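For reference, the structure discussed in these notes is given below.
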Amino acid sequence: MQVSPYLHFNGNCEAAFKFYEKVLGAKIVMMLTHEGAPADMPTPPEWKKKIMHARISIDGEIIMGSDAPPAHFHKPQGFSVSLSVADPAEAERKFKALCEGGSVHMPFGKTFFSKGFGMGADQFGIPWMVNCPLEGQ
């Protein structure tokens, strides 16, 4: 069994996944727009280029996402996407890149449980936690 987060975006899923490709080294595995849907599936013209389903791989881990129709979009809350990065300098770099244009909720720094940890949200409103675990954790 595999458990993968599925993120809903406010019309900017493609931009978000391209951003994750750049700052996290993710690979976009697939990106299906509503344009690729069957002809009998009603889709407003302004929605044709929006993402129906997308998948990225980050070091073999999968995150999926799509653009939520405007009436169904809710600001993300009650979760964070968590990254575990072995090297503290690389963890901090990823954290800072993710939070650029977004917000920092807990600055990246050493804690009693990690070599480095930080919490924030990216420019798309997705909450992230970046952790560099202590040895043996």
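Brief remarks follow.
- Considering residues of region 16-29 that are in contact (Cβ under 8 Å) with a residue 60 or more places away in the chain and closer than 21 Å to Gln77 by Cβ only, the residue surrounded by the most Cβ atoms within 10 Å (Cβ to Cβ): Ala16
- When we screen Met106, Met119 for residues that are in a strand (DSSP E or B), surrounded by fewer than 18 Cβ atoms within 10 Å (Cβ to Cβ) and not charged (D, E, K, R), the only hit is Met106.
- Residues of region 49-78 satisfying the condition of being without any contact (Cβ under 8 Å) to a residue 24 or more places away in the chain and surrounded by 15 or more Cβ atoms within 10 Å (Cβ to Cβ): Met52, His53
- Criterion (more than 18 Å from Ser4 (Cα to Cα) and not in a helix (DSSP H, G or I)) met by exactly one of Ala54, Ala86, Ala71, Ala97: Ala86
- Single match in Lys75, Lys110 (criterion: at pLDDT below 95, on the phi < 0 side of the Ramachandran plot and of a type in the set (Lys, Arg)): Lys75
- Selected residue (only one of Ile28, Ile51, Ile62 is on the phi < 0 side of the Ramachandran plot and in contact with a Cys (Cβ under 9 Å, 6 or more places away or on another chain)): Ile51
- The set of residues in region 127-137 that are among the hydrophobic types (A, V, I, L, M, F, W, C) and either touching a Leu at 6+ places or on another chain (Cβ under 6 Å) or over 20 Å from His8 (Cβ atoms) (or both) comprises Trp128, Val130, Cys132, Leu134.
- Residue in region 10-20 that is over 18 Å from the mean Cα position of the chain (by Cα) and outside the structural domain of Phe124 (by TED's automatic domain parsing) present: no
The values are calculated or read from the model by the stated rules, or taken from the named source; none is laboratory data. Remember, it's a predicted structure, so these values are computed and weren't measured experimentally. Neighbour counts run over all protein chains shown; Cβ positions are idealised from the backbone, glycine included.
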